[in-house]
Amino acid sequence: MSNNRAYYRDAFTAITYTANASPGTASKTWDVKGTIVPTTGSTSEFDWPTMTFYPQVAGYPYCFYTPGWAYYICGSTSIYITAYTNSQCQPYGNWTFAVSEDGGLVGQRSFDMFGEVPPEDLTIQSQNSQHTYDTICYVTGSSSPRVDAACGTPNTTRYNIHQKGCAITSAAMVLNYHGVGATPDPLDDHLVSLGAAGYTKTGKVMWSGPADYSGGVVRSFWLGPKPADTQDSVVKDRICRYGPQAMAVTNPATKTEHFVMVTGRTENDATWKIYDPAGGVITTLAAYSDKYHGTRLYAGQRVTYIDPLNRLIFRLYSPAEIVVTAPDGKKTGFDPIKNLRYGDIPNSAYEIEALGDNEIGQPDNHPEKVLDIGGGVDGEYVVQVIGTGTGTYDLDVTRVNANGNFQDQTEITGIPIEPGVVHQYSVSYSAGSGTPPTFIGGYDGGGQRPADVNRFLRYSSPSEARTSLPAGTTSARVAISYGATIDPATFTATLNGADVRHLFSPQAGGSQTIDVPLAAGSNTLLLSVQGLTDSGRVTTDTDRLVFLVQ
């Protein structure tokens, strides 16, 4: 504390005083009381147990005692006392400690507690660098809008940090707070060197990457917070516990996504104080209409880790939305058909992540839907991809280990989808497993015993045995996963009794998407394959899928 200023990451605040008693004093008492007048809210008080002086205790002269002590302190008429309290994450405003002697005020100390990280511990940085960013490119000369292109093709230019580097610049500022020397250029180089553990395929930061750059000094947690009505309270708690965080905001003028570093509250508690990489300025969230849609949580070595660091991160690249159901039935994500947003899985969050072009104010060409589950329980997760447009989607799942570091990633790509179509997958997760989680069809067709037989044929689409389709529909898309122990030579397929085996290419452990031709009325697709069960028995999985064209 300096200049009567304290900060809400400070672990303790205290007042010291000397209790003096003359040899002839019969007894004497001292009391310390604290008063907090918060920036917002009601005044509160707290106090410490009374200190009492006794001329003699059990034959020992001149003794001091306060409730809670294991013994008396004897042999002197004077004692130096420090009365302290845990102040971290406590209300900010004006604090007063008052000392009374035999009921009369003899000393007082007041100071201001600020709801922010000490400014002297922070360094502002700017994303104004021409250093190339990640390995994403655009067509040279294209502007307003820029047209993205595959790097390495003719007439392409790589994006630079000035254009896309707000996230890594914010992360670099957070690392610096925790004592890790970081600037955007070398941090970007490190993330590029990590491959899939550094950046996503569309240039979004894998938030465990900056933690990896710190060499273990800093750890990353998960996205959040959600839902919106608890954001401020959760962010306050996270800053006071862990320090500044990267915050996702939207530029109200250009509607582009952006990242800043949030460091706490303004003195009047009206808004957030931020360090903005765009221009390298210290300002407030009022510059972004006082709105944000999540934070990226980092913690340094001064923190005792009581939070789960292992997690699953689903990223959806598509004209679609995603809902994940945990093994206990709780959900997180957004269902556009029901217009329902879920956030029931503990330590989970779902949001759209994008990086606007800071140079020309262009929105991200490839926003990602990100669903992050921190400390997930082991078991089978059901993943629903719900179409909002016509096109194809990619979906990946990243596993982060108990140390908060990237562990592995599995991806499916180029899956066709249309508005209102629901694809369903199953992902088996075990935090301690060395095997990456994989996507398999979430619907197993049912009907066979033992249940593991149903794993020979599984479907992400359709998600039930009977599907109704509008009049005029001429085909149905079947996305099928083949079990790892099937015998492809035994696979059969008929449609309304006719052999359609030629449409399929079964491979053990593989998957494919097929457009099955349909006629008006009822269409029955019968699929069958032999495989090896967990017990080592050869048996057959047969599924009957009905498509009713109205």
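The values are calculated or read from the model by the stated rules, or taken from the named source; none is laboratory data. It should be emphasised that the depicted structure is a prediction, and the values quoted were computed from it without experimental measurement. Backbone-built Cβ (ideal geometry, glycine too); neighbour counts: all protein chains shown. Quick note on the areas: whole protein, heavy atoms, side chains included, nothing else; ligands and nucleic acids left out. Shrake-Rupley method; radii C 1.70, N 1.55, O 1.52, S 1.80 Å.
Entry comment: accessible area of segment 101-196 is 42 Å² per residue, from protein heavy atoms only and a probe of 1.4 Å. For segment 31-99, the square roots a ≥ b ≥ c of the C-alpha gyration tensor eigenvalues yield an a/c of 1.5 or more together with a/b exceeding b/c, which makes the shape prolate. Here the chain exposes an accessible surface that is 50 percent carbon and sulfur, computed with a 1.4 Å probe and the other protein chains kept in place. Pop the C-beta distance of VAL192 and SER433 into the FRET formula with R0 = 25 Å and round what comes out to the nearest 0.05. Computed FRET efficiency for VAL192 and SER433 comes out at 0.30. Counted residue by residue at 0.36 nm each, then reduced by the alpha carbon distance between them, the extension gain from ASN403 to ASP534 reaches 43.8 nm. Averaged per residue, segment 464-534 has 49 square angstrom of accessible surface, using a 1.4 angstrom probe with ligands and nucleic acids left out. Solvent exposure of segment 345-413 amounts to 34 Å² per residue of accessible area, where only protein heavy atoms count and the probe is 1.4 Å. What is segment 267-354 by shape, rounded, prolate or oblate, if you read a ≥ b ≥ c off the alpha carbon gyration tensor as root eigenvalues and call it rounded for a/c under 1.5, prolate for a/b larger than b/c, and oblate otherwise? It comes out oblate by the Cα gyration axes. Averaged over residues, the count of other Cβ atoms within 10 Å places the peptides 114-122, 421-429, 386-394, 491-499 in the sequence 421-429, 114-122, 386-394, 491-499, highest first. Assuming a ≥ b ≥ c are the square roots of the Cα gyration tensor eigenvalues, decide whether segment 371-458 counts as rounded (a/c under 1.5), prolate (otherwise, with a/b larger than b/c) or oblate. Because a/c hits 1.5 or more and a/b fails to exceed b/c, segment 371-458 counts as oblate.
Computing P(r) over Cα pairs in 10 Å bins from 0, in percent for the structure here picks out one of [x] 4, 20, 30, 26, 13, 5, 1, 0, 0; [y] 3, 18, 29, 28, 17, 5, 0; [z] 3, 15, 21, 19, 15, 11, 7, 5, 3, 1, 0, 0, namely [z].
Summed over qualifying helices (DSSP H, 4 residues or more, each -39500 (n - 2.57)) and divided by its residue number, the chain shows a 222 nm mean residue ellipticity of -2000 deg cm²/dmol.
Taking 4.7 Å between beta carbons as the limit, the unpaired Cys residues of the chain are CYS166.
Taking all protein chains as they are arranged and a probe of 1.4 Å, the heavy atoms of VAL377 leave approximately 80 Å² accessible to solvent. Accessible-area rank, largest first, for GLU267, GLU380: GLU267, GLU380, with all protein chains present and a 1.4 angstrom probe.
Here the label points at ASN20 and THR283, each 7 Å from Cα along the C-beta direction, are separated by 5.6 nm in the simple model.
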